[in-house]
Every structure is written in structure tokens, then in C-alpha cells.
1. Determine, for Ile73, Ile83, Ile103, the number of other Cβ atoms within 10 Å of each Cβ, and report the residues in order from fewest to most.
2. Between Leu42 and Asp133, what FRET efficiency comes out of the Förster formula 1/(1 + (r/R0)^6) with R0 = 41 Å and r the beta carbon distance, rounded to 0.05?
3. Can you spot the aspartates and glutamates whose alpha carbon is less than 12 Å from Lys86's alpha carbon? Ignore those fewer than 8 places along the same chain.
4. Starting from 0.36 nm per residue, how many nanometres of slack lie between Leu154 and Met113 once their C-alpha separation is accounted for?
5. Give the aspartates and glutamates whose C-alpha is closer than 18 Å to that of Lys78, dropping any in the same chain fewer than 8 places away, or say none.
6. Taking the Cα centre of region 67-127 as origin, sum charge times position over the Cβ atoms of Lys and Arg (+1) and Asp and Glu (-1), and report the length of that vector in debye to the nearest 20.
7. Would you calculate the convex hull of the Cα atoms in region 67-127 and tell me its volume per residue in Å³?
8. Taking 7 Å along the Cα-to-C-beta vector as the label spot, tell me the Ser106-Ala52 distance in nanometres, rounded to one decimal.
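Bear in mind that the values in this text are calculations on the coordinates, not laboratory data. Being a predicted model, the structure only gives us computed values, none of them experimental. Here Cβ is always computed from backbone atoms with ideal geometry, including for glycine, and neighbour counts include all displayed protein chains.
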Amino acid sequence: MQYSNQMIATKSAKCSWLWLCLLLFPLTTSSAVELKDKSPFLPPDHDQPVAAPKAVAQVNGPISREVEFRGFITINGKNRFSIYNKAEQRSLWIAENQTVDSISLSNFNPDAMTVIIRKDGRSEQLQLISSSDAPIPVAVSQTAQTTSANKPTLPPGLTTNKPAASNTQVQRRRVILPKR
């Protein structure tokens, strides 16, 4: 078999390229690891695992079915909390460690936005309720249907500004267009 010089050069070039890749492959992987560790664009603690935030345990006990923790306000360093009583459909503003209408409030946690509510010998942790995008229901009033019997009328002596319906005709305007 005869090989041309070009075929031999091509085969030897492919072999030398393969040997060069095999020799340099371990160097590229180790240098890539070093580059990742020495990158100026990554924060220093980029290789540390990130802990998942703890979920707030929300207990839906019997008190949470009766009252809601709706908000709080701080005035002169004192916290007051809005507690909504669902049965009575009214809100109460209660200071911490105060009892109003058999509802006592304590242990406000500003990080978790929770309070401890005591009512009728039971205690429960309530979380601040979150807002929703749902519209507020609107009470619709009943309106009387307008018929000829109950149409509103003007008191005697008052008139409307409408012209009297007499034999007046609206004059027409004649438009003459230019010739083309």
C-alpha cells in the first residue's frame, strides 16, 4: 500500500493533536477549579451552602377561628394591636399585657409578626394576617324603579330651561363645494 505524503502528514497531525489534548486535559480541569476559587467576581462565601429560611409554624386553633391579628402601631414606644373579633364583627385595640373583653395579648415577636392571645383560659399564637387583592364587598342599596307614577316632579313655580315645543324649525345650512 502506498500512502501519499499528504495522508501521512494528516494522520501524524491528528495523532499529535490527540496526544497533546490528552496531556493538557488534566491541566485544564485543575486550572478551572483554581480560577473558580480565585474569581474576583464571586463573593468570598460563594462555596458555603445557603440555609433555607425556617417556615413560620401557623397553628389554626379555636382562637384563630374567633379573632384575627390585623395590625399594630407603635406610639411613644408602646405597641398597640388591632384584634378583630369575628363573632362581634368589631376591632379592639389592645396594648401588650392588657385584657379587653376577655382577650389578653402578650409576647409580640416583631421578626415573625406574631402575638400570643389568651381567651377563656386558652392561649394561642396568632400571626399578622396578610392582605389580599380581593375587592371589598359593597352593600348594594335597593333603588326604586322609575315609572311614570313615581317620576320626580318640580315644585310649582319652577320650570326647566328647555325651550317650549312650538312650531319652531331648525334651519338648514346649504354647503357649496368648489368645482374640481
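1. Final ranking by Cβ density, sparse to dense: Ile73, Ile103, Ile83.
2. 0.60
3. Glu66, Glu68
4. 8.8 nm is the gain from fully extending Leu154 to Met113.
5. Those aspartates and glutamates meeting the cut-off are Glu96, Asp111.
6. For region 67-127, the charge dipole is close to 100 debye.
7. Given the Cα convex hull of region 67-127, per-residue volume reads 77 Å³.
8. It is 3.4 nm.
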